[in-house]
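Since the structure comes first, as structure tokens, the remarks are kept for the end.
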Amino acid sequence: MEEIKLKNLLEKMTLKEKIMQLYQSDLPTFNRSSSSELDSTGPVTGPENNIILDKESLYSVGSILNCNNAKNAYNVQKEYMENNRLGIPLLFMFDVVHGFRTIFPIPLALACSWNPDLIEETARIAAKEGSASGNNVTFAPMSDLVRDPRWGRVMESQGEDPLLNALLSAAYVRGFQGNDLKDQETMAACVKHFAGYGASEAGRDYNTVDMSEQKLRNFYLSGYQKSIEAGAEMVMTSFNIFKGVPATANKFLLRDLLRDEMGFDGTVISDYDSLTEIIDHGAARDGKEAAKRGIEAGLDIEMVSTEYIHHLEDLVLEGTVEESLIDEAVMRILKLKNKLGLFEDPFRYIEPEREEKTHLHPEHRKLARSTAAESAVLLKNDEILPLEDKIDQLESIALIGPLADNGGIIGFWNALGKNEEAVTLKEGLENKYGDRLKINVEAGYNFETEQLDIEAVKKTVEKSDLVILALGEEQNMSGEGGSRAYLDLPGPQKKIAETAADSNKPAVLVLFNGRPLELKWYDDNMTAILESWFPGTEGGNALANLLNGDVNPSAKLTMSFPYTVGQIPVYYNHYSTGRSPEKVEDKNYRFLSRYQDIPNQPLYPFGFGLSYNDYEYSKPELSSKEMKKEDTISASIEIENLGSYSGKEIVQLYIRDLYGTTVRPVKELKDFMKISLEPGESKRIEFEIIEDMLKFYNLENKQVIEAGEFEVFIGANSRDLNYCGKFEYKD
Ligand code: GLC
């Protein structure tokens, strides 16, 4: 439909109809308020409510949240279109975060692949499955930069680095949206949560965020920015405040920064109830003031809470709010519906046959398997892995732990995924070794009953030659509302690991978790540690391929693992301080920025991950000691595969700006390459250093490059780096 027709449509709408377009109801509310026969109400992703809408309102709402399958979507859209006066179709929105029915590894795991193309492909498949069930918009990517593993939502993030957050967020948007939103296998992307939600104090969900605009710009904005540049059609506001004003009603964030500066012209939606919650924040006297602050700040859609539909009409009629503000918001929503082709055919994405054909398609499972193998990080390996060349000398292996045969390995935000459809580690190992050796399985501990059977663990260990431990978190211990103050493995799981360690048999720990955990004891006592996160529907098969050696681990961490919870926040791109311990030889010297009881460094640093090969880095070089304005220089290094396996190595380039008008991080990731190396092969890798890599936001919040000196490093992770040299940038 041409834009002029949208304008004509807008003119025909009553004020009430326009305001209802700004409302997103949820499926349970539609169920309660209508006569539809819905076979189930979808997941509830926020505080339950008992909202009942009168029919006039119900048949004018703009969109529905959490409609989880084609049958429900058809019934809802059919009843709605039979009753909507002007024939304006509904939008359906859903959290398709890391897969829809075929579940891929959680985003924090996928990020460890450092593979934007792979992530784009998982998003494309997620949209293919999700759109067949009637979904038009997905609330993803989550582009909140994170530094605190106590926060349960790190599982859906890209980690602690601005460059990776930017590249991977944009990859999700490309995957979901494809090249044409009218394509029935695509979904519009909604980047979230704008802005800075990942900095919730103490890692407590929904908590205060307090940071300077300069910090927001230098560390937290890149994921949202690149998602918008990739064409994201929607932005979701965050629960937190920024500069004392809730993001959902924050004019600086939503109009000055997001629209005027970042150039976003799509739709802004609140988070679940986040508009009404500005009252609880203390930023509005009542619902009417919340509605006024929301629409004036540039919030288009209110999700689930009802301040807009209860107060905007009065606010307009009494002259407090300009109707033009309503019109501009409605227009953005009509344009999105038009882009999706919903005016031509409101049922174009509701395809039960395609739903049946695409969900859990073998090709999707195959991708889920390969991505899970490319996302698991080998943290330790004392020459026990891979198992292939050892299996035939073993009689049996013990597989012990509450996650050994647990479909919860699909993790949180699992859309229409089903735990029972996942390949567990037990099934994966049986598929791999079923006819070659006995696998003695013992859960040892049950998350629900909190019962530990340590005797059963001991017996299973005793009768086996090697122990594989499947330990970690239950799937709902991370995700939204999943903040935890302790980062050790929950419950008495350590007792299971101690039993294995005391047996003096090789103990391979396979971790299933949604956040960095406190692993110091395990690093000291386990023979090997494989961080598999929540690896998704094909997790068991992927892990069997890794443990056996069919796939050589190549993933690297995108979030630091703290030495202990007391070290948080710990992240690689920190500032030097005036008393850095790196500068003083005498380790007993007191007056330094360090702890008396632990090191400053994390247990496993950003960018860290092992392979079954050793890779040797040598001959680092910098092409020049000087870089002029609009010039480039290059840094290079040689890498050799000393191992006997083909493998992939993520080579990382870091730059340090030695001084500036404001202090600069001790290092920043500025580029990376994932290279393949055959056994014995070596390659020389060259990175181009360009001016963009030197930019930062200064005290005036302006993006600048300042003349000065920069150091360049290349290495396997943010700790093990090779000095390439220093150059002076002259503007
Ligand atoms: C939740 C989450 C948000 C999600 C939304 C809809 O509260 O914060 O990420 O997209 O509600 O489910």
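The values are calculated or read from the model by the stated rules, or taken from the named source; none is laboratory data. Treat the numbers as computed from the prediction; the structure is a model and nothing was measured. Every residue, glycine among them, receives a Cβ derived from its backbone with ideal geometry; neighbour counts consider all protein chains shown. Side chains are part of the model used for accessible areas, which takes the heavy atoms of the whole protein and leaves out ligands, DNA and RNA. Shrake-Rupley method; radii C 1.70, N 1.55, O 1.52, S 1.80 Å.
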Neighbours by Cβ (under 6 Å, 6+ apart or cross-chain): first from the stretch 548-560, hydroxyl-bearing (Ser, Thr, Tyr); second in a loop (DSSP other than H, G, I, E, B): Thr558/Gly159; Ser560/Val570; Ser560/Tyr571; Ser560/Pro602; Ser560/Pro605; Ser560/Phe606
Taking Leu677 and the conditions (1) of a type outside the set (Ser, Thr, Tyr); (2) surrounded by 18 or more Cβ atoms within 10 Å (Cβ to Cβ); (3) within 30 Å of Asp256 (Cβ to Cβ), which numbered condition does it fall short on, given that it satisfies the others? (3)
Which residues, counting only those in the stretch 598-643, are open to solvent by 80 Å² or more (accessible area, probe 1.4 Å) and either closer than 25 Å to Leu557 by Cα or within 31 Å of the chain's Cα centre (by Cα) (or both)? Gln601, Asp614, Glu616, Leu642
Report every pair of residues separated by at least 6 positions or lying on different chains whose Cβ atoms are under 6 Å apart, first residue within the stretch 169-183 and of a type in the set (Val, Ile, Thr), second part of a helix (DSSP H, G or I) and surrounded by 24 or more Cβ atoms within 10 Å (Cβ to Cβ). Val173/Ser227
Residues in the stretch 230-250 that are within 15 Å of the ligand (Cβ to nearest atom) and buried (at least 24 other Cβ atoms within 10 Å of the Cβ): how many? 11
Go through the residues of the stretch 665-672 one by one and say whether even a single one is within 27 Å of the chain's Cα centre (by Cα), in a loop (DSSP other than H, G, I, E, B) and under 19 Å from Asp731 (Cβ atoms). no
Looking at (1) of a type in the set (A, V, I, L, M); (2) in a helix (DSSP H, G or I); (3) within 16 Å of the ligand (Cβ to nearest atom), which one does Leu275 not meet, given that it meets all the others? (2)
Within the stretch 278-299, track down each residue that is without any contact (Cβ under 8 Å) to a residue 12 or more places away in the chain and within 16 Å of the ligand (Cβ to nearest atom). Asp280
With the condition kept exactly as written, say whether any residue in the stretch 488-495 is modelled with pLDDT of 95 or more, open to solvent by less than 40 Å² (accessible area, probe 1.4 Å) and small (Gly, Ala, Ser). no
State whether the residues of the stretch 340-353 include one that is over 18 Å from Asp180 (Cα atoms) and surrounded by fewer than 17 Cβ atoms within 10 Å (Cβ to Cβ). yes
Is it true that some residue in the stretch 461-468 is of a type outside the set (Asp, Glu) and within 27 Å of Ile125 (Cβ to Cβ)? no
So in the stretch 565-595, with the set limited to residues that are open to solvent by 100 Å² or more (accessible area, probe 1.4 Å) and assigned to a loop (DSSP other than H, G, I, E, B), which one is nearest to Glu668 (Cα to Cα)? Arg579
Among the residues listed as Glu420, Glu395, Glu383, Glu328, the single one being open to solvent by 30 Å² or more (accessible area, probe 1.4 Å) and more than 30 Å from Glu455 (Cα to Cα): Glu328
